[in-house]
Amino acid sequence: MNQSGIEFYREAARRSTRWHQDYLREMKKCRFDTIAVHGVYSMQEALDFNQGSLIEPVYMSTSQGYRDADEMEAALSYQVPTWCYSRIANPSIYYLEGVLALLEGYGSDLDVSCLATASGMAAIQTAVDPFLLPDPNDPSGPINFVAAGQVYGGTFQQFAVRKEKERNISWRRVFKYSDLDEWERLIDKNTRFLYGELPSNPGQTFFDLKKLTELAHSHGIPMIVDSTVATPALMRPLALGADIVVQSVSKTLCTSGFGIAGAVISRKNLTSNVDNPEMKADFALYAKTLPNRDNGPNISPMNAILALNDIRTLRSRVDMQSRSTLTVAKYLSSHKHVEQVDYLGLEAHPLHRLASEYLWLVDAEHDEQYGQPVNRYGHLMSFRLKGGARAAREVFNAFSRIYRATDLGRIKSVATIPAISTHSQQGEDARKMADVPPNLIRLCVGAEHPDDIINDLDTALSVLDGNKVIFTSPEFSAGGASSALLGNKE
Ligand SMILES: *Cc1c(COP(=O)(O)O)cnc(C)c1O
């Protein structure tokens, strides 16, 4: 047989694609943990192509070299799978995309695809922008989308400034999520999608995803869900009917905090009133090979592998951190200086019952320890101090184990005051509507023993009784590398 020619390469690609599809089919029969550990990287690939490397290699390369002009032509016209150029595709990035597609599709027979991006915000932009193009029959006509009013601060800015202010696309905000009528009243023929965070950050609001998805589909539009806080260890929206999931991979998925990353995960043949058959057929593939190829918000291979490495232990970590968070939430609920604790895992939370219909630890029924389905609620919670903003700041300043940072999902416990950080840009009124008061501390419990986190909270809360906490002395906090840069080191 002729060892070159476009047809030769196409045939080789068909064989390897078939082989890979068979491998994926076998992988799908495995449990969640096995998929998280091995993903799409097979032993055959390790032995035949990667010198036996047990761990997925980081292909730190901008591009792929080709054997001849025919292979190059076949590759660059997308007739064969290719790593052509890392802005578009790269093997290490594919390892991450492959495992996320498998995990978000876990437990269903859905055919799922995934596109990794440089950040969660890039993932959101990638997920929504193809739906926000002008109508070719009415190029200056109005466009809107209906989305929860309580969203992550960055999402708020992207929607309120980049879409609404700069592009005149209206964001119709919903505040009572459980009220399907409120969502429905805001939908009209110019609505392009429904969007919500489940649960939301930091408010931990929740909506009935199945019913909302039915509503979206009855209007011919897609349901897009930011599932960062839940992760596929607790909920897989695509299997519940949603069309697209976005993940800030930077958070619980890449818990070590080594880097920023995002992902768009989609079902095949999604619902949309935008006339673009290619986009509807395979959204993530479309975004990868067309808009993102041209816009370039891609992830680096290094960050992809760092995220992949953390994902291997996702289920057991989310289980442990969820249990610790419940312990911490219960402690805070009975503390005299605490006005309110918001954690979906607390029975007193008004959305506890609804959340309990959706948030299940994956494979608990196959776990020797549980042997039955169990609810888990993640490691994000918030609490409000009696004594307003000042009390919140004092307690916050007194943490010595819990880091003060605008971050979440970490292996280490992290807290922030959203009103002065993640939600500072959107103004007082918007914060009020989003229920982010200045006395609210968002806490994301890490993998430390909960006793030690409770001790840190206990000491910090005691400042409200007049205790002095030594940690924040100015001499101490003025030390370190950053003040050395400022030139005030002794
Ligand atoms: C952090 C976050 C984002 C944005 O992700 P980045 O990776 O920081 O760009 C989006 N949604 C939620 C819920 C988040 O917590």
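Structure notes:
- Scope the range 163-178; condition under 21 Å from Asn201 (Cβ atoms) and free of Cβ contacts under 8 Å to residues at least 12 places away in the same chain; matching residues: Glu164, Lys176
- Evaluation of Arg172 against (1) within 12 Å of the ligand (Cβ to nearest atom); (2) assigned to a strand (DSSP E or B) (one fails), failing number: (1)
- Cys254 falls short on exactly one of the conditions (1) touching a Cys at 6+ places or on another chain (Cβ under 7 Å); (2) within 15 Å of the ligand (Cβ to nearest atom), and that condition is (1).
- Among the residues of this structure, Ala430 does not count as one that is away from the ligand (no atom under 16 Å from the Cβ) and either in the same structural domain as Arg173 (by TED's automatic domain parsing) or under 16 Å from Leu464 (Cβ atoms) (or both).
- Taken as a whole, the condition of being buried (at least 20 other Cβ atoms within 10 Å of the Cβ) and aromatic (Phe, Trp, Tyr) applies to Tyr95.
- Of the residues Thr228, Thr213, Thr271, the single one that is near the ligand (Cβ under 10 Å from one of its atoms), of a type in the set (Val, Ile, Thr), at pLDDT 95 or above and not assigned by TED's automatic domain parsing to the domain that holds Thr416 is Thr228.
- For the range 187-202, the set of residues classified as closer than 13 Å to Ala230 by Cα and either outside any loop (DSSP other than H, G, I, E, B) or modelled with pLDDT of 95 or more (or both) consists of Gly196, Glu197, listed by residue number.
- Considering the range 178-210, and only residues there that are within 16 Å of the ligand (Cβ to nearest atom) and farther than 17 Å from Ala127 by Cβ, the residue that is nearest to the chain's Cα centre (by Cα) turns out to be Pro199.
- Residue check for Gly39: in contact (Cβ under 8 Å) with a residue 60 or more places away in the chain and crowded, with 20+ Cβ neighbours inside 10 Å: yes
- The range 134-152, subset within 18 Å of the chain's Cα centre (by Cα) and of a type in the set (A, V, I, L, M, F, W, C), residue nearest to the ligand (Cβ to nearest atom): Val151
- Among the conditions (1) within 16 Å of the ligand (Cβ to nearest atom); (2) of a type in the set (Phe, Trp, Tyr); (3) modelled with pLDDT of 90 or more; (4) within 24 Å of Arg236 (Cβ to Cβ), the only one that Phe131 does not satisfy is (1).
- The helices (runs of 4 or more DSSP H) located wholly in the range 1-74 that include 3 or more residues which are more than 22 Å from Asn309 (Cβ to Cβ) occupy 6-28.
- Top-ranked residue in the range 153-177 [being over 22 Å from the mean Cα position of the chain (by Cα) and either on the phi > 0 side of the Ramachandran plot or of a type in the set (Ser, Thr, Tyr) (or both); ranked as surrounded by the most Cβ atoms within 10 Å (Cβ to Cβ)]: Ser170
- With respect to being closer than 30 Å to His20 by Cα and touching a Phe, Trp or Tyr at 6+ places or on another chain (Cβ under 7 Å), Ser108 falls outside the description.
- Ser333 being surrounded by 17 or more Cβ atoms within 10 Å (Cβ to Cβ) and under 24 Å from Phe206 (Cβ atoms): no
- Listed by first and then second residue, the pairs with beta-carbon distance under 8 Å, at least 6 apart or on different chains, first residue in the range 232-245 and touching a residue at least 12 places away in the same chain (Cβ under 8 Å), second surrounded by fewer than 24 Cβ atoms within 10 Å (Cβ to Cβ) and acidic (Asp, Glu), are Ala233/Asp319; Gly241/Glu214.
- Among the residues of the range 110-121, those identified as hydrophobic (A, V, I, L, M, F, W, C) and closer than 9 Å to Val264 by Cβ are Cys114, Leu115, Ala116.
- Restricting Asn90, Asn50 to those that are over 22 Å from the mean Cα position of the chain (by Cα), surrounded by 14 or more Cβ atoms within 10 Å (Cβ to Cβ) and modelled with pLDDT of 95 or more reduces the list to Asn50.
The values are calculated or read from the model by the stated rules, or taken from the named source; none is laboratory data. Every value quoted in this text rests on a predicted model; they were computed, and no experiment measured them. Please note: Cβ atoms are built from the backbone with ideal geometry, for glycine as well, and neighbour counts cover all protein chains shown.
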